[in-house]
Amino acid sequence: MKFIKVDTYNELSREAALVIASQLKSKPDSVLGLATGSSPVGTYRELIKMYENGELDFSSARSVNLDEYVGLSPEDTQSYAFFMRTNLFDHVNIKKENTNIPNGIAEDLDAECRRYDKLVLELGGVDLQLLGIGTDGHIGFNEPDSVFSKLTHTVRLAQSTIDSNARFFESADKVPTTAITVGMMTIMQARSVLLVANGPSKRDILNKALNGPITPEIPASILQLHPHVTVIYSEN
Ligand code: F6R
């Protein structure tokens, strides 16, 4: 595991974007596993800058996002589909048909989960998986549990996740209580993993996840078993 500590969020974002850019340059049709939330926003901003400067080409890239809220359509401004369009996809030359996000309004959510796992398999798996980490140690929306969930599944969000994501909604009661998330198999089979975390609220959980026992009660701890993980942490 490579651990990079930087001082500022801007440095974190730049470092993370460089890792993704290098992946795309070495394999232009890379399958990028992408995350939402506040941590990767700066990374996406840096990637957009690189694209605008002619340094990066997304025309052959494919993407699979980690998760989506159940009940939110892709047009909903709180959906992760909307987040990805506004924070990255609309600003670079990735082909929309090459981007994938679980469908939170699928009639049959179990079938949607199976479709998503099949899709990841058909794409040949993820080359580089970008992750944030929740204050309870979740990755994707794999919440603390008694087992590591292998496959894409629907999950009831932990109260702490709902509370921290309430900042994006009018109020906590507007945050969906369930989501679809890829399981640990998609994440652990990614050829490399890049985890970004910033701010003091992530320090303790990051320490537990990276240095403590490997347990599904701290889902990110499973990353200790992955052979190619880079963690970038900024104090601020
Ligand atoms: C988002 C995701 C989540 C977030 C995590 C941290 O797609 O999978 O695991 O990465 O909740 O969120 P932020 O970055 O907002 O602190």
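Over the chain, what is the mean sequence separation of C-alpha contacts under 8 Å (at least six apart), divided by residue count, expressed as relative contact order in percent?
After rounding, I find 26 percent.
Evaluate the distance, in nm, between pseudo-label points positioned 7 Å from the Cα of SER59 and of ASP145 along their respective Cα→Cβ axes.
Those two pseudo-labels are separated by 4.1 nm.
Averaged over all directions, how much area does the convex hull of the C-alpha atoms of the range 93-199 cover when projected, in nm²?
Across all orientations, the range 93-199 yields a mean hull projection of 8.2 nm².
Obtain the nm distance between the two label points defined at GLU170 and GLU122 by a simple spin-label model: each point lies 7 Å from its Cα along the Cα-to-C-beta direction.
3.8 nm
If we sort 42-51, 84-93 on the protection proxy, mean other Cβ atoms within 10 Å, highest first, what's the order?
Working: 42-51: 20.8, 84-93: 17.4.
Listed from highest to lowest mean packing, they are 42-51, 84-93.
Using label points projected 7 Å from each Cα along Cα→Cβ, tell me how many nm separate HIS228 and ILE214, to one decimal.
1.8 nm
Just from its helices, what would the mean residue ellipticity at 222 nm be for the chain, if runs of 4 or more DSSP H residues each count -39500 (n - 2.57) and the sum is divided by every residue, rounded to the nearest 500 deg cm²/dmol?
Result for the chain: -9000 deg cm²/dmol, rounded to the nearest 500.
With r as the distance between the Cβ atoms of THR177 and ALA111 and R0 = 25 Å, compute the FRET efficiency 1/(1 + (r/R0)^6) and round to 0.05. Display every interim value, and only then the final one.
Working: r = 21 Å, r/R0 = 0.84.
E(calc), rounded to 0.05, equals 0.75.
Taking the alpha carbon gyration tensor of the range 1-113, what are the square roots of 5 times its eigenvalues, largest first, to the nearest whole Å? Could the numbers behind the result be given before it?
Details: eigenvalues 129, 53, 36 Å².
After scaling each eigenvalue by five and taking roots: 25, 16, 13 Å.
LYS27: which lysines have alpha carbons under 30 Å from its alpha carbon, excluding same-chain residues fewer than 8 sequence positions away?
Output for LYS27: LYS2, LYS5, LYS49, LYS95, LYS96, LYS118, LYS150.
Just order 153-159, 215-221, 106-112 by mean Cβ neighbour count inside 10 Å, highest at the front, would you?
The packing order, highest mean first, is 215-221, 153-159, 106-112.
Taken together, the values in this text are just the output of simple stated rules run on the coordinates, not laboratory data. Just so it is clear, the model here is predicted, and its values are computed rather than measured. Reconstructed Cβ throughout: ideal geometry from the backbone, glycine too, with neighbour counts over all protein chains shown.
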